[in-house]
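To start, the structure itself, in structure tokens.
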Amino acid sequence: MRDTIVDTKVIKDAVWMACRAPSLHNSQPWRWVAEGSAVALFIDADKAPKYTDTSGREALISCGAVLDHFRVAMAAAGWVANVDRFPNPNNHRHLASIDFSPMDFVTDGHRQRAEAILSRRTDRLPFAAPPDWKSVEEKLRGSVDSSAARLDVIAENHRRELAEASQLTESLRLYDSSYHAELIGWTTDFGLSEGIPRSSLVSAAESDRVDVGRNFPVTNNPERRRDVDEDHSKIVVLSIYDETHDSVLRCGEALSAVLLDATMAGLATCTLTHITEVPASREIVAALIGRTTVPQILVRVGLAPRIEDVHPPTPRRPIDEVFEVRSEDR
Ligand SMILES: Cc1cc2nc3c(=O)[nH]c(=O)nc-3n(C[C@H](O)[C@H](O)[C@H](O)COP(=O)(O)O)c2cc1C
């Protein structure tokens, strides 16, 4: 570890920004501890939705996303974050230790990427087709570390099979009362700092125009984005070569990179995992991308034509609940 000391306030501000990262049901299953010249990221498994994410895989993906967001936030503040993943073989909850070196120059690109953290939302409404997809796809491919995760785009002629896989997931869970109770628990507006607020969910009519969304409890707001008759998004799949903790964490980092690049390209995104939570539908996705890797996450990417449709940001836990400063002489 290098011993450059970064002001704790800079780290705390970057953690605050990083915590805008997406997480399953906005569960935010992470904890940060700053100590001396480093900061450590831990998974907070108690916060993870257990019936949706039975293996804890998605909690780890969420932590990968917050880790990459943190790196982006620190870069905008002029620091390179050096990440050591799983530094303690006896503690798998300790996901990363991070120390810092000064960056030569903060570019507009670094600043815009951090701004994308603040403007990104999970948008569950239908999207118009993304313009100039070829160059966007190239950008997304470039942002994913190919040794960590593979990026595929579902071919248009496979879209129906994917929609069927999505329906299969929902029908296999029709009688899974623990899953449905959990979903209701995370989507009830209780005015707190976690979970998905009603304003981020969709009505029955809106969800009818999206063929591959997770079935959340529906809202009864007036129908939005009526000019988009059905979802014309491209669907990106992130998959991994093996299911080690390290690979799953890195896949979350790749998710962050894809979402931020799409946001910087002016596109809307929606992360989807219901299809990969159930083995039968996950197997269908695996077949669609060639069966050599294990699908983890799908992302709808498209154009949200009217900016006024964008809902307010989802809440987050207060920073002092997730960030702690420890003195070195404890
Ligand atoms: C691992 C993971 C799985 C997710 N799965 C879904 C999903 O299946 N459907 C969905 O609409 N959103 C999904 N999301 C998005 C979260 O619900 C969203 O990030 C969270 O509510 C916070 O909202 P925000 O992304 O708008 O900040 C997922 C996010 C992550 C990181």
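Between E283, E230, which is away from the ligand (no atom under 13 Å from the Cβ), at pLDDT 95 or above, assigned to a loop (DSSP other than H, G, I, E, B) and surrounded by fewer than 20 Cβ atoms within 10 Å (Cβ to Cβ)? Write out each step before concluding.
Details: E283 fails: assigned to a loop (DSSP other than H, G, I, E, B).
Testing whether each residue is away from the ligand (no atom under 13 Å from the Cβ), at pLDDT 95 or above, assigned to a loop (DSSP other than H, G, I, E, B) and surrounded by fewer than 20 Cβ atoms within 10 Å (Cβ to Cβ) leaves just E230.
Among the residues of the stretch 259-301, which ones are among the acidic types (D, E), out of contact with any helix residue (DSSP H, G or I) (no Cβ under 6 Å at 6 or more places or on another chain) and touching a residue at least 40 places away in the same chain (Cβ under 8 Å)? Working first, answer last.
Within the stretch 259-301, the first condition is being among the acidic types (D, E), and the residues that meet it are 261, 277, 283.
Keeping just the survivors that are out of contact with any helix residue (DSSP H, G or I) (no Cβ under 6 Å at 6 or more places or on another chain) gives 277, 283.
Selection gives E277 alone.
State whether the residues of the stretch 200-212 include one that is in contact with a helix residue (DSSP H, G or I) (Cβ under 6 Å, 6 or more places away or on another chain) and either of a type in the set (A, V, I, L, M, F, W, C) or farther than 24 Å from E277 by Cβ (or both). Show your work before the answer.
Taking the stretch 200-212 first, the residues in contact with a helix residue (DSSP H, G or I) (Cβ under 6 Å, 6 or more places away or on another chain) are 211-212.
When the remaining residues are screened for being either of a type in the set (A, V, I, L, M, F, W, C) or farther than 24 Å from E277 by Cβ (or both), the result is 212.
Looking through the stretch 200-212, at least one residue is in contact with a helix residue (DSSP H, G or I) (Cβ under 6 Å, 6 or more places away or on another chain) and either of a type in the set (A, V, I, L, M, F, W, C) or farther than 24 Å from E277 by Cβ (or both).
Can you name every residue in the stretch 124-174 that is touching a helix residue (DSSP H, G or I) at 6+ places or on another chain (Cβ under 6 Å) and either surrounded by fewer than 15 Cβ atoms within 10 Å (Cβ to Cβ) or assigned to a helix (DSSP H, G or I) (or both)?
Residues satisfying the conditions are K139, L140, S143, H158, A165, S166, L168, T169.
Of (1) polar (S, T, N, Q); (2) more than 18 Å from the chain's Cα centre (by Cα); (3) at pLDDT 95 or above, T271 satisfies all except one. Which?
(2)
Using the structure shown, decide if H274 is within 15 Å of the ligand (Cβ to nearest atom) and within 24 Å of D176 (Cα to Cα). Explain how you work it out, then say what you get.
Working: within 15 Å of the ligand (Cβ to nearest atom): yes; within 24 Å of D176 (Cα to Cα): yes.
Against the criterion (within 15 Å of the ligand (Cβ to nearest atom) and within 24 Å of D176 (Cα to Cα)), H274 qualifies.
Which of the residues that make up the stretch 204-227 are in a loop (DSSP other than H, G, I, E, B) and over 23 Å from the mean Cα position of the chain (by Cα)? Reasoning before the result, please.
At the first step, the residues of the stretch 204-227 found to be in a loop (DSSP other than H, G, I, E, B) are 209-218, 220-227.
Scanning the stretch 204-227 gives N220, N221, P222, E223, R224, R225, R226, D227.
Given D242, D208, which one is closer than 17 Å to L60 by Cα, free of Cβ contacts under 8 Å to residues at least 60 places away in the same chain and acidic (D, E)? If you could, list the steps in order and put the result at the bottom.
Values: D208 fails: closer than 17 Å to L60 by Cα.
After applying the criteria, what remains is D242.
Among the strands (runs of 3 or more DSSP E) lying completely within the stretch 1-112, list those that include at least 1 residues that are away from the ligand (no atom under 16 Å from the Cβ), over 14 Å from the mean Cα position of the chain (by Cα) and among the basic types (K, R).
Working: elements: 30-35, 38-43, 79-85, 94-102.
Here the list reads 30-35, 79-85.
Can you tell me which residues in the stretch 210-227 are of a type in the set (K, R) and either within 16 Å of the ligand (Cβ to nearest atom) or surrounded by 22 or more Cβ atoms within 10 Å (Cβ to Cβ) (or both)? Spell out how you get there, then give the answer.
So in the stretch 210-227, the residues of a type in the set (K, R) come out as 214, 224-226.
Within the stretch 210-227, R214, R224, R225 qualify.
Please indicate, with yes or no, whether at least one residue in the stretch 156-167 is of a type in the set (D, E) and closer than 22 Å to L24 by Cα. Even if it seems obvious, please write down each step before you answer.
Of the stretch 156-167, the ones of a type in the set (D, E) are 156, 161, 164.
Then drop every residue that is not closer than 22 Å to L24 by Cα, which leaves none.
Checking the stretch 156-167: not a single residue is of a type in the set (D, E) and closer than 22 Å to L24 by Cα.
The values are calculated or read from the model by the stated rules, or taken from the named source; none is laboratory data. Here the structure is a predicted model, which means the values were calculated and not measured. Neighbour counts are summed over all protein chains in view; Cβ atoms, including those assigned to glycine, are modelled from backbone coordinates with ideal geometry.
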